[in-house]
Every structure is written in structure tokens, then in C-alpha cells.
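Participant: The following block contains the structure, expressed as C-alpha cells.
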Amino acid sequence: MKKQFLYTLSFFLIVNCSVSQNKTTSDSLRNLLSQKIADTIRIKASNELAYEYSADKTDEALKLANESLKLSEKINYNEGKMNSYNNIGLISYYSSDYEKALENFNRSLIIAKKINNKNKIAVALNNIGLVYDDKAEYGKALNYYLKSLKISEETNGSKWQLGSTYNNIALIYKFQGKYDEALEYQNKSLKIKREINNKKGIGNSLHNIALIYKLKGDTAKSLEFNKKALEARKEANDESGIALTLNNIGSVYEDEGKYDIALSYFEQSLKIREKLKDKYNLAITLFSIGSNYCNRQKFDDGFQYVEKAMAISKELGAKELIRYGYETYTESYAKMGNYKKAFENQKMLIEIKDSILNTENNKQINELQTKYESEKKQKELELITKESEIQTLQLNKNKMWMIILTTSILLAITLSLFLFSRFKLKQKANILLENQNIEITQQKKEITDSINYAKRIQESILPPEPHWKKLLPNSFIFYRPKDIVSGDFYWIEQRNEYICFAAVDCTGHGVPGALMSVVGFNLLTQAVNEVGLIKPSEILKHLDAGVTRTLRQSEDGKGVKDGMDLSLCTLNTKTNELQYAGAFNALYYITNNELKEIKADKFPIGINLDGIVDNYTNHKIQLQKGDAVYLFSDGFADQFGGPKGKKFKYTQLKKLFAAIYNKPVSTQQEIVSNTFDTWKDSLEQVDDVVIIGLVI
């Protein structure tokens with residue numbers, strides 16, 4: 001069995017706060033809260049105690065954080081609200097409620113920006129990165145880690161914050177297989193934690209160093225640092241960390257074939273994790289025990305534990321855990337000689353791997369790392385220049401004393417030679433910096449020019465507004481790409497009295513999504529104009545087969561594992577009968593002042609690894625004059641924003657359509673656009689957006 005993965009999953013549980021963790025601190029805070037104290041002091045004490053309880057006593061921690069938030073809102077204390085949201089996010093993170101964690105970390109970030117608290121901005125960015133890390137969205141995770149590190153280094157931020165961020169960046173190096181670089185950043189983190197006597201953090205860093213040695217194949221070093229980590233975590237009374245390290249010591253023994261010893265460590269870890277409310281890590285230990293039994297050919301016992309772990313993993317949507325479950329099933333069924341079951345699980349394994357380790361993720365990681373290293377080199381060159389100027393000034397000040405004490409001519413010659421040498425070094429550094437800036441600027445321009453040209457190509461295939469208005473005069477389109485080019489697009493064609501139109505969401509956004517949009521647009525047009533299809537379900541079936549064929553998607557795993565979601569309608573302009581079929585994207589329509597929803601089929605266009613084309617459901621609706629129809633991608637509903645930094649969601653989207661459907665379509669378009677901009681405010685747009693509105 002592949003035990004390296006389970007060990008890797010346990011790499012990190014670091015979230016930032018400026019409070020040291022020990023029993024004396026907890027007792028002092030509880031004693032303080034029992035007294036009559038000022039509101040601001042009570043808020044700070046509650047937040048500090050909530051942080052200490054966040055991993056192991058989540059119910060008590062959540063109660064304290066909510067009390068602090070309520071009091072902070074009452075007296076309009078921004079710092080208290082900011083820290084309360086951060087703690088609620090942290091509690092949600094430890095409870096594996098990632099959506100709630102993201103919402104609250106974003107709320108904390110908004111307030112930190114509002115009051116210009118650089119340290120807390122860095123904390124919030126780091127914590128958001130942690131959530132994406134657990135969700136296996138490594139590109140997003142690295143983006144937030146590097147933003148956090150940049151602010152901390154520029155502002156000479158707290159050592160606590162720097163130690164945590166170094167630790168987190170080490171994970172990305174580990175993920176890329178750059179183990180020496182990962183050790184370098186992890187040792188930086190350990191050094192800082194020892195300086196500030198962060199006992200819990202010391203245990204975390206020792207554990208992570210043990211992991212890297214295991215990945216390098218040095219099991220002796222891995223056991224050595226794991227046992228140091230276990231001692232440190234017991235000293236810090238860190239129950240969650242103790243369970244983590246026990247599980248990983250068992251993993252090392254498992255790799256050495258010492259299954260009985262390994263199982264004893266796994267069972268110790270399980271007892272602790274069953275007591276704690278950390279579903280993610282409970283699933284890891286269940287997987288460990290299940291794999292241990294399967295390695296000893298005790299498949300019935302092993303599958304009982306694996307099934308429990310898979311149920312938790314699917315509930316959490318934890319892709320890395322689900323991936324390990326399918327690996328365990330595949331290898332076990334192969335050993336049992338049940339090759340049909342092994343093949344079925346292998347197909348599921350390929351799909352989950354492709355969703356985690358896609359080309360866009362790796363590209364984003366490399367681009368972000370290159371950008372960070374480039375900026376770091378530039379700062380080092382600027383520092384060399386500043387040091388040279390400082391040393392020159394100091395030498396000029398001492399020149400008078402040097403003339404009095406030594407031979408003036410000799411010192412003048414020496415000083416001149418020294419200054420000339422420093423000048424040449426400075427000149428070389430400036431030339432190097434200038435050349436790098438020119439090269440980077442040119443490369444950026446070339447990339448931007450290429451993407452802008454791709455935008456012109458994409459815009460050229462989209463239906464122009466006069467053509468769209470000619471076919472559907474009483475309609476509007478709200479189209480907002482996340483990047484220069486888009487993975488969302490809108491499409492329309494006419495055949496006799498039938499108007500076919502669609503809102504389409506391709507896998508990804510930016511350049512990869514735009515390439516998929518060209519494939520989709522051409523296949524839709526071909527379905528109507530060349531094949532003569534007008535029934536939405538048949539058009540989707542043609543599109544499904546075409547994407548699978550064009551991208552060479554098959555069971556051998558060599559094709560591109562991308563597809564698209566969409567809602568597609570055909571309107572009979574003589575009878576006002578509307579037909580609809582959808583892949584994941586629903587249809588909303590309003591008739592008799594009531595909004596109704598037709599749900600889509602739950603399988604995408606493309607990604608048919610078995611070669612079988614999907615059959616989609618065709619729906620018919622008889623519309624009347626004044627009825628409204630709305631097609632859309634998921635970008636609007638998934639956008640973070642508003643006063644609390646949370647998702648817009650489909651419930652609000654329905655309310656928006658119900659409020660505007662009887663207004664002129666130009667006014668509807670304006671309201672939709674203003675609503676999106678107001679909701680998003682200063683937050684980053686998370687995905688492409690397209691909405692089509694039609695009034696009969």
C-alpha cells in the first residue's frame with residue numbers, strides 16, 4: 001500500500017495568532033473573564049482563549065468567539081470583530097467546514113484592510129491559503145501564502161507570523177518534490193519558533209521535518225524527528241498534534257513492514273481522534289488502519305475501516321483523501337484477483353487525480369514561484385546599493401580622524417580605491433537589475449499581447465449584439481470574464497422558426513477555458529446548421545460525443561479530462577413553446593408572478609472515459625407573454641462579497657431575478673451588473689460569469 005500519501009496529508013495544521021499556548025495562560029484568561037472588566041479587555045481575553053481552545057475544544061471556543069463578536073458589534077470595535085471572525089474561521093477549519101472557514105477568514109481580511117492592520121492582513125491571507133491547501137487547490141494556496149509572506153517581510157512582521165508562513169511555503173516545495181528547499185524553509189520556521197518559545201509550533205515543525213525525511217527515503221531520520229515531535233507535543237499538551245505524530249510513526253513502521261508495531265500506533269491515534277471533532281484527520285487514521293489490514297491480506301477487516309474513511313472524505317469533499325481510498329481499493333482488489341472491481345476503482349482514481357493535479361495548477365504554481373523569486377532578487381540588489389551608500393557616508397565622516405592619526409596620502413589612496421571598487425559593484429548591480437527589469441517587462445508584454453490577441457479571436461466567434469437582438473430582441477446578456485479571456489460563453493443559432501441559445505461554462509477560466517470555449521462553440525453550431533438538430537437533449541448529446549472525440553478522452557487516460565456545464569434552450573417563435581436541457585446548470589423561469597426551477601442532469605459534457613455518450617433529459621414549457629427565462633453559469637452565485645465576505649449563492653440569485661423580471665431588459669441588465677459589482681466590491685472575482693435573460 002502507498003503509505004507516503006497518508007503521511008503527507010498530515011503535514012500541516014498551522015494557523016496564526018499572537019498568543020502563546022500553555023495551561024497557565026488559559027487559567028489566567030478564565031480568571032480574568034470571571035471578573036468585571038472593560039468591554040475591550042473582555043473581547044481580547046475571549047478571543048485569546050477561543051484561539052487556545054480552537055483545535056481541541058471547538059464548542060467552547062465557538063461560544064467564546066461568538067460572544068466576543070456580539071460585544072464587538074455592539075460597541076463597534078473593529079479589532080475585536082476582526083479577531084472574532086478569524087477565530088470562527090479557525091474553529092471551522094479545524095472542524096473541516098471549509099466554506100464557513102473561507103467566509104470568516106475573508107470577513108477578517110476585509111476589516112484588516114479597512115483599518116490598515118498589515119500584520120492581520122498577512123494572518124488572514126495565510127489562513128485562507130491553508131483552507132485551499134486542505135482542499136488540494138495548491139495554486140490558490142501558494143498565491144495566498146506568498147502574498148502573506150511578502151507583507152510580513154516588507155513590514156518586519158511578527159516572528160510568529162513569519163514562522164507559520166515559512167512552514168506553509170515548505171508544503172508547496174514538498175508538493176513539487178523539492179525536498180531540500182522544503183527542509184530549508186522548515187528549519188527557518190523551527191528556528192523562529194524556538195526563539196519565541198512556541199512549544200506547540202516546535203512540535204509542528206519537528207513533525208514536518210520528519211515527514212520530509214520520510215519522503216526522501218530516510219526512515220531512520222524520520223523516526224528520530226517524529227519521536228522528538230511527540231515529546232514536544234506531549235510537553236505542550238497538544239492532543240491533536242499527539243494524534244497526528246502517533247499516526248505518522250505508525251506510517252514509518254508500516255513502510256518497514258513492521259505491521260503489528262504500526263497498528264499499535266494507529267490505534268493510539270484513533271482513540272484521540274475519536275474524542276476530537278476533527279473529521280479530516282479521523283479519516284486519515286481510519287485509512288491507515290484499513291491499509292494495515294489489507295497489507296496483511298485481511299481484506300474484510302481492512303475494507304470496514306476504508307469504507308468509514310471514504311464516507312467521511314466524501315462528506316468533506318476532501319479530494320486527496322478520496323484519491324487514497326480509490327488507490328487502496330484498486331490495489332486490494334487486484335491482490336484478491338477481483339480485476340473487475342480493481343478496474344472500476346482505477347477509473348475513479350484517474351478522475352480524482354486529474355481534478356487535483358491538472359496542468360493549470362502546476363502552471364500557476366511555477367508562475368507564482370518565479371514571480372516571488374524575481375521580486376526577492378530585486379530587493380536583494382536594492383539592499384546591496386543601500387549598504388554601499390551607508391558605508392560610503394560612514395567613511396567620509398571618519399576621514400578627518402584618519403588624516404590626524406595616519407598618513408593622509410596613504411589613506412586617501414586606500415579610500416579612493418575602496419570607493420572605486422564599491423562604485424563598480426554598484427554599477428554592475430544596477431546594470432543587472434536594469435537588464436532583468438527589461439527582460440521581465442518584455443516577457444510580460446509578449447504574454448499579454450498573445451492573450452489580448454486570443455481575446456480578439458474569442459470575441460470574434462461570440463454572437464455580435466445586433467445579431468443576438470435580431471433573433472431575441474427582448475433579451476439581455478451579462479458577460480464578465482475573470483481574466484482577459486473566458487471559459488464562459490453565450491451562443492445562439494436559428495433554424496426556421498426555432499431559436500436555439502445557451503449559456504456555457506467550460507472547465508477552468510483564462511486561456512485553458514477559452515480554448516475549450518472554441519471547441520464547444522463550433523460543435524454547437526455544427527449540431528444545428530450541419531446536422532439539423534433543434535431538440536436541446538439531442539444537441540447536448542451531439543456536443544457530449546464531439547467533446548469526447550475531439551479531446552480524445554478514453555479509458556487509457558491519455559486524453560484531456562476537461563468538459564463543460566451548460567443550460568440550452570430552443571424557443572418556437574410561433575407558439576412560444578420553450579424546450580430545455582442542461583448539464584449541471586439549471587433553468588429559472590417566471591410565469592404568473594412565480595419563479596420556477598428546472599433542475600439539470602448531474603453529468604457534464606465530455607469526460608466520457610468509458611466511451612459511452614450520456615443521454616440528457618428534454619423538458620418542455622409553454623410560455624405566455626410577459627414570462628421571463630434566465631440561463632446562467634455558476635460564477636455569479638459563487639462570488640464572495642457583501643458585508644460579511646460570503647458567497648452570493650443561488651437563493652439570492654433567485655430573489656434578484658424575481659425582483660427584476662417585469663422591468664425592461666436594458667434595466668434588468670444594468671441592475672444585474674450593479675448588483676455584481678456592489679457585492680464583489682474590492683474582493684477578487686473568483687470565476688467567469690455569464691447570464692442570459694429573456695422576456696417573452
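Participant: Could you please find all residues in the range 41-55 being closer than 22 Å to Gly89 by Cβ, touching a Leu at 6+ places or on another chain (Cβ under 9 Å) and in a helix (DSSP H, G or I)?
Facilitator: Filtering the range 41-55 for residues closer than 22 Å to Gly89 by Cβ gives 42-55.
Okay, now just the ones that are also touching a Leu at 6+ places or on another chain (Cβ under 9 Å), so 42-43, 45-55.
The answer is Arg42, Ile43, Ala45, Ser46, Asn47, Glu48, Leu49, Ala50, Tyr51, Glu52, Tyr53.
Participant: Can you tell which of Tyr185, Tyr173 is at pLDDT 85 or above and either buried (at least 24 other Cβ atoms within 10 Å of the Cβ) or hydroxyl-bearing (Ser, Thr, Tyr) (or both)? Please lay out each step first, then the result.
Facilitator: On the way: Tyr173 fails: at pLDDT 85 or above.
After ruling out the rest, the residue left standing is Tyr185.
Participant: Quick check on the range 465-505: of everything there that is of a type in the set (S, T, N, Q) and more than 21 Å from Leu515 (Cβ to Cβ), which residue is surrounded by the most Cβ atoms within 10 Å (Cβ to Cβ)?
Facilitator: Filtering first and then ranking leaves Ser475.
Participant: Residue under question is Ala141, and the condition is that it be in contact with an Asp or Glu (Cβ under 8 Å, 6 or more places away or on another chain) and within 24 Å of Lys680 (Cα to Cα); does it hold?
Facilitator: The answer is yes for Ala141.
Table: residues versus (1) modelled with pLDDT under 90; (2) of a type in the set (S, T, N, Q).
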| position | (1), (2) |
| --- | --- |
| Gln458 | yes, yes |
| Lys470 | no, no |
| Ser475 | no, yes |
| Asp483 | yes, no |
| Trp491 | no, no |
| Val504 | no, no |
| Met516 | yes, no |
| Glu538 | no, no |
| His542 | no, no |
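Participant: Just give me the residues in the range 72-98 being in contact with a Phe, Trp or Tyr (Cβ under 8 Å, 6 or more places away or on another chain) and surrounded by fewer than 24 Cβ atoms within 10 Å (Cβ to Cβ), in sequence order.
Facilitator: Passing the criteria: Ser92, Ser96.
Participant: Which one of these does Thr58 not meet: (1) over 19 Å from Lys44 (Cβ atoms); (2) touching a Gly at 6+ places or on another chain (Cβ under 6 Å); (3) surrounded by fewer than 24 Cβ atoms within 10 Å (Cβ to Cβ)?
Facilitator: Only one criterion is unmet by Thr58, namely (2).
Participant: Taking the range 309-341 on its own, how many of its residues are of a type in the set (Gly, Ala, Ser) and either surrounded by fewer than 19 Cβ atoms within 10 Å (Cβ to Cβ) or not in a helix (DSSP H, G or I) (or both)?
Facilitator: Going through the range 309-341, the residues of a type in the set (Gly, Ala, Ser) turn out to be 309, 311, 313, 317-318, 325, 332, 334, 337.
Filter once more, so that each one left must be either surrounded by fewer than 19 Cβ atoms within 10 Å (Cβ to Cβ) or not in a helix (DSSP H, G or I) (or both): 311, 317-318, 334, 337.
So the count comes out to 5.
Participant: Quick check on my filter: what residues within the range 582-602 are in a strand (DSSP E or B) and either within 21 Å of His542 (Cβ to Cβ) or among the hydrophobic types (A, V, I, L, M, F, W, C) (or both)?
Facilitator: Step one: of the range 582-602, the residues in a strand (DSSP E or B) are 582-584, 587-591, 594-598, 601.
Result: Gly582, Ala583, Phe584, Leu587, Ile590, Leu595, Ile598, Asp601.
Participant: Please identify the pairs in which a residue from the range 186-209 that is at positive phi has its Cβ atom under 9 Å from the Cβ atom of a residue that is part of a loop (DSSP other than H, G, I, E, B), counting only partners at least 6 apart or on another chain.
Facilitator: These pairs meet every condition: Asn197/Ser20.
Participant: Suppose we filter Tyr253, Tyr339 for residues that are touching a residue at least 12 places away in the same chain (Cβ under 8 Å) and either aromatic (Phe, Trp, Tyr) or more than 30 Å from Lys57 (Cα to Cα) (or both); which single one remains? Break it down stepwise before answering.
Facilitator: Numbers: Tyr339 fails: touching a residue at least 12 places away in the same chain (Cβ under 8 Å).
When all the criteria are applied, what remains is Tyr253.
Participant: Condition test on Lys654, is it surrounded by fewer than 12 Cβ atoms within 10 Å (Cβ to Cβ) and over 30 Å from Asn78 (Cα atoms)? Please lay out each step first, then the result.
Facilitator: Values: surrounded by fewer than 12 Cβ atoms within 10 Å (Cβ to Cβ): no; over 30 Å from Asn78 (Cα atoms): yes.
No: the conditions fail for Lys654.
Participant: Among the residues that make up the range 166-185, is at least one of them over 30 Å from Trp679 (Cβ atoms) and touching a Ser or Thr at 6+ places or on another chain (Cβ under 6 Å)? Before the answer, list the steps.
Facilitator: In the first step, residues of the range 166-185 are kept if they are over 30 Å from Trp679 (Cβ atoms); the result is 166-167, 169-185.
Retained after the next criterion (residues that are touching a Ser or Thr at 6+ places or on another chain (Cβ under 6 Å)): 166-167.
Yes, that holds for at least one residue.
Participant: May I pose another question? Taking strands (runs of 3 or more DSSP E) that do not extend beyond the range 459-549, which have at least 1 residues that are within 18 Å of Ala583 (Cα to Cα), within 37 Å of the chain's Cα centre (by Cα) and not β-branched (Val, Ile, Thr)? Break it down into steps so the answer makes sense when it comes.
Facilitator: Values: elements: 475-480, 488-495, 498-506.
Answer list for the range 459-549: 488-495, 498-506.
Results for (1) over 28 Å from Lys221 (Cβ atoms); (2) out of contact with any Phe, Trp or Tyr (no Cβ under 8 Å at 6 or more places or on another chain), shown as yes or no for each residue.
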residue	(1), (2)
Leu244	no, yes
Ser264	no, yes
Thr285	no, no
Gly337	yes, yes
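Participant: Moving on. Quick test for you: out of Ile261, Ile284, pick the one residue that is buried (at least 16 other Cβ atoms within 10 Å of the Cβ) and among the β-branched types (Val, Ile, Thr).
Facilitator: Details: Ile261 fails: buried (at least 16 other Cβ atoms within 10 Å of the Cβ).
When all the criteria are applied, what remains is Ile284.
Participant: List the helices (runs of 4 or more DSSP H) inside the range 141-241, counting only whole elements, that have at least 2 residues being within 25 Å of Leu102 (Cα to Cα). It would help to see each step written out before you state the result.
Facilitator: On the way: elements: 159-175, 179-195, 199-215, 219-235.
Counting at least 2 such residues, we get 159-175, 199-215.
The values are calculated or read from the model by the stated rules, or taken from the named source; none is laboratory data. It should be emphasised that the depicted structure is a prediction, and the values quoted were computed from it without experimental measurement. Cβ atoms come from the backbone with ideal geometry, glycine included; neighbour counts cover every protein chain shown.
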